[in-house]
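Worksheet: the structure to be examined is printed underneath.
The values are calculated or read from the model by the stated rules, or taken from the named source; none is laboratory data. It should be emphasised that the depicted structure is a prediction, and the values quoted were computed from it without experimental measurement. Cβ coordinates were reconstructed from backbone atoms using ideal geometry, including for glycine residues, and neighbour counts include every protein chain displayed. The protein model used for the area step is the full one, side chains on, heavy atoms only, and it has no ligands, DNA or RNA in it. Shrake-Rupley method; radii C 1.70, N 1.55, O 1.52, S 1.80 Å.
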Amino acid sequence: MAEAFAAEIAKSLLGKLGSFAVQEFRLAWGFQDDLARLEERLKAINAVLSDAEKQQSKNERIRLWLQMLREVLYDAEDVLDEIECETLQRQVVKTKGSTSRKVQHFFTSSNMNAFRLRMGHNIKKIIERLAEISALKSDFNLSEQAIDCSHVLHEETKMNRSFDSFSGLIGRDEDKERIINLLSAPFKVGDAHPLVLPIVGMGGLGKTSLAKSVCDDENVKSHFKLIIEACVSDDFSLKQVIQKIIKSATGERCADLDAGELEKKLEAILNGRKYLLLLDDVWNEDAQKWLLLKPLLSKGAGGSKIIVTTRSKRVAEIMGTVTTHNLSLLGQEDCLLLFYKCAFKEGKMELNPNLVGIGKEIVAKCKQVPLAVINMGTQLYGKTDEKEWKSVRDSEKWEEEGDGILPALKISYQRLPTHLKRCFLYCSVFPKDYPFIDLLLVQVWMAHGLILQSSNPNENLEDVGLRYVRELISRCFFQDYEVMWFAATFKMHDLMHDLASSLAKNHHISKTTRHLSVLDSDSFFHKTLPKYSNEFHHVRSIVFADSIVGPTCKTDFEKSLSEFKHLRSLELLEDSEFEAFPEGIGALKHLRYLHFHWSTKMKRLPKSIFKLQNLQALVLGFGLEVLPKDVRYMISLRFLYVITKQKRLPEGGIGCLECLQTLIIFECENLENLFEDMQGLKSLRKLIIISCGSLISLPRSIKCLTTLEEFGIIDCEKLDLMTIEKEKEEKIQPLFLSLCIVIFAMLPATLALPEQLLQGSAESLQTFIIKDCPNIREMPDCIGNLKKLQNLEIIDCPRLSERCRSGTGKDWPKITHIPKIKVDDDDSGEETSG
């Protein structure tokens, strides 16, 4: 049963009515009375929404009433967003275009009087619809409750525990040993080539965890030259499966290769090499598809082996060459052990005998399914109130049909706070096994208004969003968490994805459809779009999970954009054949998030794209040749991921983005210099530069980034960090005042660490990581002034490591005040508390 979340949307609307843009609109256009009536209607309805949402699961009429209300609230949100966008466009003209007629013409195409009349009509229509819906609420005897219109997150949710709490398998030692013995057995004449071992079991038993644990075993690794993992999931497309295998083996996506080229590349990778391949979560029961892939996999050396995980016995019959390994339910004692590990803090179990007894009853209802056990345990971690444990044990969800896993997952979802429910459900728009990146997912949530403002004035929306991610991981809604420099990746278990899809009602297109996931672009453009052309006017997000190809692909794409006038986010997750976005993209005035990272052929941006004043996050694609200076007109940008073929980023572009919080410059192979006007980035908190092999210097204005908290330079082979400190006679003061985390890695041209940067961060720097910088000779004296520094890591820096070795290194006295020091070079590694 889909939840309406009307209370959350109403709070958001009331917050928007108090925003600067809407207040300015009230005064400029004379809509004080209309907007005041709208606010009054909203507050009257909002007063009973808390009670209505509590009752909706048991009262179908209330549920339908909330859904009707939700649609009106969404339409009201569209109207207020349009007002906000018009205000932003006029702000661009007023502050940046007053000296240029061309710029003024560029941004003032809408007729002011027509806009005023249209908005006035829309606002009155919303008020009338709200009045009709409000009149119905008296039928339900709903009680009014105190109104909190602030749309603020007051309760600071915290990460329950470390992300590796559930590492290791419980109760699967025998299974693991049997599989390892089979994989380690020598190849004999007459053996199948490649040998294929299916692991079969119902969802949630831990087939993937077992298989990955086997692949990670050192004994197994010693028997194979190449270990590859590919999640196949629902779609056994030969091309996609080959791409996934190649990506796992080499890191290359190969999105621009056709089927024949992919097959040749796979053969070259496997040729003569003994490999172990994990094909995870296979559903394909069409033997012909497997028979097309199998000959390509036979190119490896004798003794190559494949593990297949699946829920289907038919898949095992088609693919297997040896006896299937059937994974059984987890033993009851092991289930209890697993539950207690997840539910109790270390050493606390024996202090709560009553909870142990209730926990035993909860585990019995999980029917020996490990995923159900883990989810129930994580829900109760750190909770000591018996009533809370009993509410889980006695939940009516256990009475629903299922094998233990579905009721458990529904209980887990039911216990989420509303703001986390909305974020979790949104993730169902992405394909199964999608590798989420926390920084990007947070930006998508922000684009849809799913993140609540914190009551802590020092915490912005990005910080709150990252807490949401950590909380969902700690509750096991996400898994496979891995840290990579300044970001983290994770995935959704396929059963969690199924749950989110069913709760979000993603399966049918209707006039209330707000989010679309396109798994087959050709079918979407030529069948779905024509058939449902009148159903898409309210769509807010589109995720293209399939390549957009074919002779008419650009025209098809442009037509589709014209249907989605209220789009908030647009993502192209695969490569596309067109070289530029259509000009029509400039009409998507509500767009806040645009992602086309994997588009290798998209070489340029249309001028119209810089009309997107509401855009908050822009992730550029690999094919982009130039990022024009007109990016400065995107005045709401908070997140910018830059890829360009330019040698230099010019002044008067990125440096004018006063709202920008995160700037990532990635794989710009020609880039030699950054823009010199960095001092204009008055809100920048993260600056990350990765794999820019031609970069030779950093602008000295980088020291003027007083709000910068995280700074990383990684894999820039020609860059000497000391360029920051050259030309000292000009007396640009080191103004780094907020740096908390600094990472320098893979910088062979750097001979010394920049003292001004470190000295300017004396009162803020907490983590300093230096990795694979072989020519840094010593630790500067100023390191002793970094009184807030808690964590220093020196990895693969032979000279520096020697000087910083505990007790004996020449620079050891400089760093002894740091609580946590980790030194690791080619010969030894150690972690010392200073």
Accessible area (Å², per residue) of the chain, counting only protein heavy atoms and a probe of 1.4 Å: 43
Qualifying trypsin sites (Lys or Arg not before Pro) in region 592-669, DSSP loop, other Cβ atoms within 10 Å at most 16: LYS601, LYS603, LYS645, LYS647
Given charges at Cβ of Lys, Arg, Asp, Glu: the chain dipole, positive-most of VAL369, ALA268, SER560: SER560
Residue-level accessible surface for ARG799, protein heavy atoms, 1.4 Å, Å²: 110
Residues of type lysines that LYS505 reaches as a straight line, Cα spacing below 18 Å, ignoring anything fewer than 8 places off in the same chain: LYS410, LYS421, LYS432
Nonlocal amide H pairs with ILE689, under 5 Å, H built at 1.01 Å: ILE665, GLY712, ILE713, ILE714
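Rounded to the nearest 500, what is the chain's calculated 222 nm mean residue ellipticity when only DSSP H runs of at least 4 contribute -39500 (n - 2.57) each, over all residues? Numbers along the way, then the final one.
Numbers: 26 runs with 308 residues, N = 834.
Calculated mean residue ellipticity at 222 nm is -11500 deg cm²/dmol.
Write out the GluC sites (Glu not before Pro) in region 339-434 meeting two conditions: DSSP loop, and at most 11 other Cβ atoms within 10 Å of their Cβ.
Values: sites: GLU346, GLU350, GLU361, GLU386, GLU388, GLU396, GLU399, GLU400, GLU401; in loops: GLU346, GLU400, GLU401.
Here the sparse-neighbourhood loop sites are GLU346, GLU400, GLU401.
Where in the chain are the helices, taken as whole DSSP H runs, whose Cα atoms extend 27 angstrom or more along the long axis and whose Kyte-Doolittle mean reaches at least -0.5? Write out the running numbers ahead of the final one.
Values: long enough: 32-55 (35 Å, -0.75); 60-96 (53 Å, -0.45); 112-136 (37 Å, 0.07).
Those that clear 27 Å and a mean of -0.5 are 60-96, 112-136.
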Computed magnitude of the charge dipole of the chain (debye, nearest 20; Cβ of K, R +1, Cβ of D, E -1): 1320
Label assignment, semi-axes √(5λ) of the Cα gyration tensor in Å derived from the structure, set [x] 44, 40, 27; [y] 42, 38, 30; [z] 47, 30, 26: [y]
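Using only alpha carbon pairs under 8 Å that are at least six residues apart, calculate the relative contact order of region 199-256 and give it in whole percent.
21
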Eligible aspartates and glutamates near LYS124 by straight Cα distance, threshold 18 Å, same-chain separation 8 or greater: ASP33, ASP34, GLU39, GLU40, GLU71, ASP75, GLU77, ASP78, ASP81, GLU82, GLU84, GLU132
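Determine the alpha carbon to alpha carbon distance for each of LYS686/LYS787; LYS603/LYS682; LYS244/LYS822; LYS225/LYS645 and list only those over 32 Å.
On the way: LYS686/LYS787 22 Å; LYS603/LYS682 30 Å; LYS244/LYS822 36 Å; LYS225/LYS645 36 Å.
Listed pairs above 32 Å: LYS244/LYS822; LYS225/LYS645.
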For region 344-373 and region 639-705, distance of Cα centres in Å: 51
Qualifying aspartates and glutamates (Cα of each under 19 Å from Cα of LYS365; at least 8 residues distant if same chain): GLU333, ASP334, GLU386, GLU388, ASP394, GLU396, GLU399, GLU400, GLU401, ASP403
Percent accessible area from carbon and sulfur atoms, region 419-494, protein chains only, probe 1.4 Å: 50
Region 582-630 - percent of accessible surface contributed by carbon and sulfur, probe 1.4 Å: 55
Region 374-392 and region 221-261: distance between their alpha carbon centers, rounded to Å: 41
Area of PHE711 that stays accessible when all protein chains are in place (1.4 Å probe, Å², to 10): 0
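Starting from region 576-671, pick out the GluC sites (Glu not before Pro) whose DSSP state is loop and whose Cβ has at most 15 other Cβ atoms within 10 Å. Before the final figure, lay out each step's value.
Details: sites: GLU577, GLU579, GLU583, GLU625, GLU651, GLU658, GLU667, GLU669; in loops: GLU577, GLU579, GLU625, GLU651, GLU658, GLU667, GLU669.
In loop regions of region 576-671 (DSSP not H, G, I, E or B), the sparsely surrounded GluC sites (Glu not before Pro) are GLU579, GLU625, GLU658, GLU667, GLU669.
Let me have the relative contact order for the chain, percent, based on Cα pairs under 8 Å that are six or more residues apart.
On the way: 1605 pairs, mean separation 53.9, N = 834.
Relative contact order for the chain comes out at 6 percent.
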Among LEU238, ILE62, ALA249 the positive-end extreme of the charge dipole of the chain (Cβ point charges): ILE62
Cβ-based charge dipole, region 650-714, positive-most Cα from SER683, ASN673, ILE713: SER683
Rel. contact order, % - alpha carbon contacts under 8 angstrom, at least six apart, region 613-676: 35
TRP283 accessible area, assembled protein chains, probe 1.4 Å, Å²: 90
Distance from region 26-56 to region 448-471 (C-alpha centre basis), Å: 25
